[in-house]
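Enquirer: The structure's right below; bear with me while I get my questions together.
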Amino acid sequence: MTENPSRKAGNGEDSIYWDKTKGRYIGAVSLGYTPAGKRKRAKVSGKTKTEVRSKLREKRKELESGTKGSATYTVRSAVEDWLAHGLKGRDLNSVATYRSLADNHIVPDLGRARLRDLSADALDCWLEEKSAILATSSLQMVLSILRRSITHAQRRDKVLRNVAELVEAPEGRPGRLSKSLTLGQAKAALSAQQGTWIHAYVATSLLVGIRTEEVRPLTWDRVHLTPSAGTAPHVEVWRSVRRRGETKTRTSRRTLAMPRQLAAVLAAHRVAQKRQREALGLAWSEEGYVFGTDSGEQRSAFMVRRSFRALLMDAGFSDPEDWTPRELRHSFVSLLSDHGIPLEVIARVVGHSGTRTTEAVYRKQIRPVITQGAEAMDAIFGEADAVET
């Protein structure tokens, strides 16, 4: 049984009344009449009239904007819908990264929350907690995933506003600082597992300084070991694992001479790869991956990292798990700098548009210098230290 409101609401007005059976106040929004003449009303409820009035105002906003929203749609649903339908055409590696961050940080903490009830205060508290365990870049990406998921839900009339747009990511934990190999460590790494693909991979990364995302998609038609007279052996760094294969920046698309010892390593690796493919009954192609799998597929970052650390273990490193393949590039910069190569030359070789990025990212490896890539690496390691093939 219900109590009638103290004053009968006029046509088009909202009403609030007490429902004894439910023990709550009920608010009703008039939506007009059906073709049969029956009145249509949307109802909300609350413990107090103030709560009900607030819900009625929100309901009115939804009606005026044409967005009804959903009382049961959760953060988990929004994130899953965005991952499933909002990333069409995106690189698979990027999608995997988004899913990993969402599954580990958003869904476990916020997944059960109803999207329409999510508040800025709650998100601020959540982000502060996350800042203790996530680096700033990861924290910003997690918030970006939440914002984009809610925007995707807005477009489908699941929620009225994007509350994640009202908060900012705080500073997170300091990121892991990169380091570089010493000359002795670099020589040890270049001496380990000779004749294997990972040895050739390490030699290419360390002696030419290209990014890990540029090494993995490298194909043989971009590696010129016996060019025409007057041209040194070189590698065309024209692709990466990024979407549509573009390099990180326009200046990252570059052609680099390679040291003589690297040319020898890659020549031997090419012969060995051909033999392996023939033994497996597979065709060998100039457009095949230089560091591909036995079946010719591009290796994943995980596969490279695992094999790289195994190589460091064989090289006598006591802490191989503390190293990543990208630090071969840092080592390249460090060795050139220690050898006296100008910062401007180093920046050009590693594909930076100017020296600012080189200094900012590799500042611990750069020192003031006075006096070029492939020739310097030959001089650093020397003829006597040339990698055996």
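Just so it is clear, none of the values below were taken in a lab; they were calculated from the coordinates. No experiment lies behind these values; they were computed from the predicted model shown. No Cβ is skipped: glycine too gets one built from the backbone with ideal geometry, and neighbour counts run over all protein chains shown.
Enquirer: Quick one: if you stick a label point 7 Å off each Cα along the C-beta vector at R114 and R60, how many nm between them?
Expert: Taking the two extended label points, one gets 2.1 nm.
Enquirer: Summing Lys, Arg as +1 and Asp, Glu as -1, what charge do residues with Cβ under 13 Å from the Cβ of D319 carry, D319 excluded?
Expert: My count for the surroundings of D319 gives -1.
Enquirer: Rank by packing, highest mean first: peptides 17-26, 258-267, with packing defined as the count of other Cβ atoms within 10 Å averaged across residues.
Expert: 258-267, 17-26
Enquirer: Pairs K55/K158; K88/K158; K22/K59; K20/K49; K22/K43; K130/K179: which exceed 18 Å Cα-Cα?
Expert: Beyond 18 Å between Cα atoms: K88/K158; K22/K59; K130/K179.
Enquirer: If a/c stays under 1.5 just call it rounded; otherwise compare a/b with b/c (prolate if a/b is bigger, oblate if not). Do that for region 75-166, with a ≥ b ≥ c from the square roots of the Cα gyration tensor eigenvalues.
Expert: In terms of gyration-tensor shape, oblate.
Enquirer: Also, quick follow-up: Per residue of region 98-112, what does 6.51 cos²θ - 1.76 cosθ + 1.60 with θ = phi - 60° give for ³J(HN,Hα)? Whole Hz please, x for Gly and Pro, Karplus curve as stated.
Expert: Along region 98-112, the couplings run 4, 5, 4, 5, 5, 5, 9, 10, 8, 4, x, 8, 10, x, 7 Hz.
Enquirer: Then there's this: Mind listing the phi-derived Karplus ³J(HN,Hα) values for region 302-315, rounded to whole Hz, using 6.51, -1.76 and 1.60 with θ = phi - 60°, and x for any glycine or proline?
Expert: 5, 4, 5, 4, 5, 5, 5, 5, 5, 5, 5, 4, 5, 7
Enquirer: Once the piece of chain linking M313 and A84 is laid out straight, how much longer is it, given 0.36 nm per residue of separation minus the C-alpha distance between them?
Expert: That pair, M313 and A84, stretches by 78.4 nm at full extension.
Enquirer: How long is the gain from T72 to T255 if the chain were fully straight, where each residue apart is worth 0.36 nm and the alpha carbon distance is subtracted?
Expert: 60.3 nm
Enquirer: Would you please give the residues with an amide H less than 5 Å from that of G172, counting only those at least 5 places away or on a separate chain, with H modeled from the backbone geometry?
Expert: Amide H to amide H, under 5 Å and 5 or more residues apart or across chains, G172 pairs with T136.
Enquirer: Here's something else I'd like to know. Placing unit charges on C-beta atoms (Lys and Arg positive, Asp and Glu negative, everything else neutral), compute the dipole magnitude of region 75-166 about its Cα centre in debye, rounded to 20.
Expert: With only Lys, Arg, Asp and Glu charged at Cβ, the dipole is about 440 debye.
Enquirer: Now, a different point. Show me, for region 142-156, the HN-Hα J-couplings you get by feeding each phi into the Karplus relation (A = 6.51, B = -1.76, C = 1.60, θ = phi - 60°), rounded to Hz, glycine and proline as x.
Expert: 4, 5, 4, 4, 5, 4, 5, 5, 6, 4, 4, 5, 4, 5, 10
Enquirer: Once the piece of chain linking D91 and R24 is laid out straight, how much longer is it, given 0.36 nm per residue of separation minus the C-alpha distance between them?
Expert: 19.1 nm
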